[in-house]
1. If I filter segment 38-65 down to residues being within 14 Å of residue 20 (Cβ to Cβ) and hydrophobic (A, V, I, L, M, F, W, C), which single residue comes out as farthest from the chain's Cα centre (by Cα)?
2. Restricting the search to segment 68-109, which residues are at pLDDT 85 or above and either small (Gly, Ala, Ser) or touching a His at 6+ places or on another chain (Cβ under 6 Å) (or both)?
3. Taking segment 49-72 as the region of interest, how many residues are among the hydroxyl-bearing types (Ser, Thr, Tyr), open to solvent by less than 30 Å² (accessible area, probe 1.4 Å) and within 24 Å of residue 135 (Cα to Cα)?
4. When segment 35-59 is examined, which residues are found to be in contact with an Asp or Glu (Cβ under 7 Å, 6 or more places away or on another chain) and outside any helix (DSSP H, G or I)?
5. Name the residue, out of 5, 43, 23, 10, that is out of contact with any Ser or Thr (no Cβ under 6 Å at 6 or more places or on another chain), hydrophobic (A, V, I, L, M, F, W, C) and at pLDDT below 95.
6. Looking only at segment 110-133, count how many residues are surrounded by fewer than 18 Cβ atoms within 10 Å (Cβ to Cβ), out of contact with any Gly (no Cβ under 8 Å at 6 or more places or on another chain) and either among the β-branched types (Val, Ile, Thr) or at pLDDT below 90 (or both).
Amino acid sequence: MEQVITTDLICLDVEAESKEDVIRLLAEKLDKAGRLNDKDEYIAEVFKREETYATGVGFSVATPHAKTDAVKTASVAFARLKKAIHWDDEDDVTMIFQLAVPCTEAGDLHLQILAALSRKLIYDEFRDEIAAAASAEEILALIGDQIGVQ
C-alpha cells in the first residue's frame, strides 16, 4: 500500500485568504502526486462536504475531506498557514489536514485516519511541534506514523 502522506503532500508557510484557496492548493498537490482520478470532481466533493458539515475541529485545525471515486489512492495532504484564516462559524485555523479517500476504502480507513490524527491533535505539545517544524520531512516524521505511514 502506498504511503498515506509523503513530503510532496506537505505545504509549509502557506499564504491563503480562504478555505477555498487551501482546499484547491491541497487538491493540486494530491493531483500532481498522482493520487486523484479527477481533481475537479474531488474539489467539488470537498466543497459539498464543507457545506453539509464544517470541518474545523478546534485547536486551529481543520480536516476537510471527501470520499469519492475521484480519488485514486487514500491520502492526506497538509498545509500549515502563515496566518490564521476563518474556516467556519467557530474556528480560525492554521493547520489543515485534507483527506482524500476512494469510495472503495471509504468506511473504515477514513475514520481510522481521522481518529489517529485526533488522538494526537488534542495535545498542545504535538501542535506546537507541528507549528515549529522547519521542513516537510520534520512534519512527516511527526505525523506520518500517526496515520499509518512507516
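1. Among those that are within 14 Å of residue 20 (Cβ to Cβ) and hydrophobic (A, V, I, L, M, F, W, C), it is 44.
2. In the first step, residues of segment 68-109 are kept if they are at pLDDT 85 or above; the result is 68-88, 92-103.
Listed by number, the residues that qualify are 70, 74, 75, 77, 79, 84, 92, 99, 100, 101.
3. Keep residues of segment 49-72 that are among the hydroxyl-bearing types (Ser, Thr, Tyr), which gives 52-53, 55, 60, 63, 68.
After this cut, where a residue has to be open to solvent by less than 30 Å² (accessible area, probe 1.4 Å) as well, the list is 55, 63, 68.
If we keep only those that are within 24 Å of residue 135 (Cα to Cα) as well, we get 63.
Qualifying residue count, segment 49-72: 1.
4. From segment 35-59, those in contact with an Asp or Glu (Cβ under 7 Å, 6 or more places away or on another chain) are 37, 39, 54, 56, 58; that's our starting set.
Matches in segment 35-59: 37, 54, 56, 58.
5. Details: 43 fails: at pLDDT below 95; 23 fails: at pLDDT below 95; 10 fails: at pLDDT below 95.
So the residue among 5, 43, 23, 10 that is out of contact with any Ser or Thr (no Cβ under 6 Å at 6 or more places or on another chain), hydrophobic (A, V, I, L, M, F, W, C) and at pLDDT below 95 is 5.
6. 6
For (1) over 16 Å from residue 12 (Cα atoms); (2) without any contact (Cβ under 8 Å) to a residue 12 or more places away in the chain, each residue gets a yes or a no:
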| position | (1), (2) |
| --- | --- |
| 51 | yes, yes |
| 58 | yes, no |
| 82 | no, no |
| 92 | yes, no |
| 126 | yes, no |
| 132 | no, yes |
| 139 | no, no |
| 144 | no, no |
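The values are calculated or read from the model by the stated rules, or taken from the named source; none is laboratory data. Here the structure is a predicted model, which means the values were calculated and not measured. All Cβ positions, even for glycine, are placed from backbone atoms using ideal geometry, and neighbour counts span all protein chains on display. We work out accessible area using only protein heavy atoms, side chains counted, and drop any ligands, DNA or RNA first. Shrake-Rupley method; radii C 1.70, N 1.55, O 1.52, S 1.80 Å.
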